[in-house]
Amino acid sequence: MTPQPDPATGAAVKAADRAHVFHSWSAQALIDPLAVAGAEGSYFWDYEGNRYLDFASGLVFTNIGYQHPKVVAAIQEQAGKLATFAPAFAIEARSEAARLIAERTPGDLDKIFFTNGGAEAVENAVRMARIHTGRTKVMSAYRSYHGATNTAINLTGDPRRWASDSASAGVVHFWSPFLYRSPFYAETEEQECQRALQHLEDTIAFEGPQTIAAIIMEAVPGTAGIMVPPAGYFAGVREICDRYGIVFILDEVMAGFGRTGTWFAADLFGVVPDLITFAKGVNSGYVPLGGVAISGEIAATFDHKPFPGGLTYSGHPLACAAAVATLTVMAEEKIVENAAHIGEHVLGPGLRALAERHPSVGDVRGTGVFWAVELVKDRETREPLVPYNASGEAAKPMGAFAAAAKKSGLWPLVAMNRTHAVPPCNVSEAEVKEGLAALDTALSVADEYAG
Ligand code: PLP
């Protein structure tokens with residue numbers, strides 16, 4: 001589809017946005033949101049006629065790309081049949097979405113509590129764990145993001161927590177494995193794994209195991225930098241949780257539903273947590289939906305005792321119809337297999353080849369369509385291209401990189417000193433090659449700030 005320029009409409013859209021829309025995470029006077037006219041597949045376009053290859057998948061949620069005709073049709077059909085209904089009833093779209101999700105989750109995580117997004121999923125998973133164990137504290141990793149509601153933002157291990165951290169959420173943070181910037185001075189993945197597990201074990205011992213309800217971790221930390229945990233790490237966490245009666249929650253809001261080249265990242269590690277939180281890819285964000293997949297044991301806690309939580313739109317029919325269609329399309333079109341193939345044969349090797357040519361690239365890591373390129377001033381010292389949590393002038397090198405990418409027709413995801421290559425799971429080889437060429441150009445700009 002060729003976008004038709006329509007600058008007048010674009011200007012009106014922009015003016016109303018600036019007058020009335022209050023944007024997330026932003027100083028309202030300092031932002032300049034792009035007015036978007038449309039989107040299809042891996043691309044979106046503005047009113048000036050500029051088309052962008054979306055290497056951010058929105059906010060890492062359009063796992064089947066934009067405007068998939070079968071999912072759009074399913075939402076339209078559901079709207080015609082039953083556009084909304086209260087959560088206490090059995091509704092076809094909700095029942096079927098729950099069945100399809102449970103079929104894909106590992107182990108006996110066969111009951112689904114629906115929410116409107118990821119943060120609510122995290123809130124309710126923690127609520128379940130606290131009631132199930134009768135304990136209060138929850139442990140989460142530094143270098144993590146779990147959402148912007150109260151418990152979820154306090155669990156988060158990045159600067160977005162600071163403004164909301166009341167130090168009263170019952171959260172204890174610990175360091176998760178990340179060899180490139182090892183908190184444990186490790187030199188191999190094996191050392192990193194072993195030391196990270198020892199650190200977790202020590203933290204639990206000093207906190208008091210009987211005070212800890214749950215450990216929540218992103219299956220592959222996303223916003224924090226796409227660090228695939230070393231082999232054996234989650235098996236170790238599972239064993240520690242079992243030993244102390246701690247609920248193990250894997251947050252798969254970003255990693256789940258194909259992004260890692262498997263249905264869930266848990267499948268990469270052969271681990272079965274007690275709860276999985278999900279959102280985003282479950283229906284590619286076409287209608288807001290999230291949820292918690294619950295093990296038999298935790299579900300049984302609420303067999304005869306009411307679960308004290310609920311949402312007006314829990315399992316909304318339009319969102320569930322979108323999930324049913326998305327999961328069906330993903331299977332029919334082998335979209336998870338495509339993500340694995342792209343990661344192994346096109347995107348991973350392509351990014352590594354860029355790393356060889358560009359001195360600003362310190363590290364390339366990832367799996368499936370879930371990759372981070374870490375930019376540094378100096379490959380030896382690994383000094384980040386911009387300081388941690390930089391803004392304004394200090395963040396200029398990343399701003400210059402992003403501007404160059406956009407000029408080349410690529411919409412990048414930039415987080416601190418990283419760019420994440422996270423296209424839709426059904427991205428084609430040709431689209432990835434186009435994206436890699438644009439990154440090549442943009443990295444030449446980043447190189448000017450390195451060395
Ligand atoms: N958990 C993870 C791992 C996420 O990446 C996110 C959002 O990016 C959330 C939770 C919060 O999800 P939401 O923004 O839908 O509330």
message = Taking the conditions exactly as written (among the aliphatic types (A, V, I, L, M) and part of a helix (DSSP H, G or I)), does Ile204 satisfy them or not?
response = yes
query = Given the conditions (1) surrounded by 20 or more Cβ atoms within 10 Å (Cβ to Cβ); (2) farther than 20 Å from Ala39 by Cβ; (3) more than 13 Å from the ligand (Cβ to nearest atom), and given that Gly310 satisfies all but one, which numbered condition is not satisfied?
reply = (1)
query = Would you pick out the residues in region 145-200 that are within 16 Å of the ligand (Cβ to nearest atom), not in a helix (DSSP H, G or I) and not hydroxyl-bearing (Ser, Thr, Tyr)?
reply = His146, Gly147, Ala148, Gly157, Asp158, Ala169, Val171, His173, Phe178
ask   = With (1) within 14 Å of the ligand (Cβ to nearest atom); (2) part of a loop (DSSP other than H, G, I, E, B); (3) open to solvent by less than 10 Å² (accessible area, probe 1.4 Å) as the list, and Ile276 as the residue in question, which single condition is left unmet?
value = (2)
ask   = Of all residues in region 1-32 being open to solvent by less than 100 Å² (accessible area, probe 1.4 Å) and acidic (Asp, Glu), which is farthest from Gly392 (Cα to Cα)?
value = Asp6
task = Report yes if some residue within region 209-223 is out of contact with any helix residue (DSSP H, G or I) (no Cβ under 7 Å at 6 or more places or on another chain), away from the ligand (no atom under 15 Å from the Cβ) and not assigned by TED's automatic domain parsing to the domain that holds Thr419; otherwise report no.
result = yes
key: Residue list for region 78-92, restricted to those being over 29 Å from the mean Cα position of the chain (by Cα), exposed (fewer than 13 other Cβ atoms within 10 Å of the Cβ) and under 13 Å from Ala321 (Cα atoms)   = Gly80, Lys81
message = Testing Met227 on (1) buried (at least 18 other Cβ atoms within 10 Å of the Cβ); (2) touching a residue at least 60 places away in the same chain (Cβ under 8 Å); (3) assigned to a helix (DSSP H, G or I), one condition comes back false. Which one is that?
response = (3)
ask   = Which pairs have Cβ atoms under 6 Å, sit 6 or more apart or on different chains, and link a residue in region 135-149 that is in the same structural domain as Ile212 (by TED's automatic domain parsing) to one that is assigned to a loop (DSSP other than H, G, I, E, B) and near the ligand (Cβ under 7 Å from one of its atoms)?
value = Tyr145/Thr223
ask   = Among the residues of region 32-43, is any over 30 Å from Leu439 (Cα atoms) and either within 16 Å of the ligand (Cβ to nearest atom) or touching a Phe, Trp or Tyr at 6+ places or on another chain (Cβ under 6 Å) (or both)?
value = no
ask   = Looking at region 117-144, which of its residues are in a helix (DSSP H, G or I) and under 24 Å from Thr203 (Cα atoms)?
value = Val122, Glu123, Ala125, Val126, Arg127, Met128, Ala129, Arg130, Ile131, His132, Thr133
note = Reported set for region 238-258 where residues are farther than 19 Å from Phe370 by Cα, aliphatic (A, V, I, L, M) and either free of Cβ contacts under 8 Å to residues at least 24 places away in the same chain or buried (at least 24 other Cβ atoms within 10 Å of the Cβ) (or both) is Ile246, Val247, Ile249
task = Keeping to region 279-307, report how many residues are assigned to a helix (DSSP H, G or I) and more than 16 Å from the ligand (Cβ to nearest atom).
result = 6
query = Could we say that Glu48 is more than 19 Å from Tyr286 (Cα to Cα) and acidic (Asp, Glu) here?
reply = yes
inquiry  = Please determine whether any residue of region 102-116 is outside any loop (DSSP other than H, G, I, E, B), open to solvent by less than 20 Å² (accessible area, probe 1.4 Å) and within 16 Å of the ligand (Cβ to nearest atom).
reply    = yes
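The values are calculated or read from the model by the stated rules, or taken from the named source; none is laboratory data. What you see is a predicted model; the values in this text were computed from it and never measured. So basically every Cβ, Gly included, is an ideal-geometry build from the backbone, and we count neighbours across all protein chains shown. Each accessible area value is taken on the protein alone, full model and side chains, heavy atoms only, with ligands, DNA and RNA left out. Shrake-Rupley method; radii C 1.70, N 1.55, O 1.52, S 1.80 Å.
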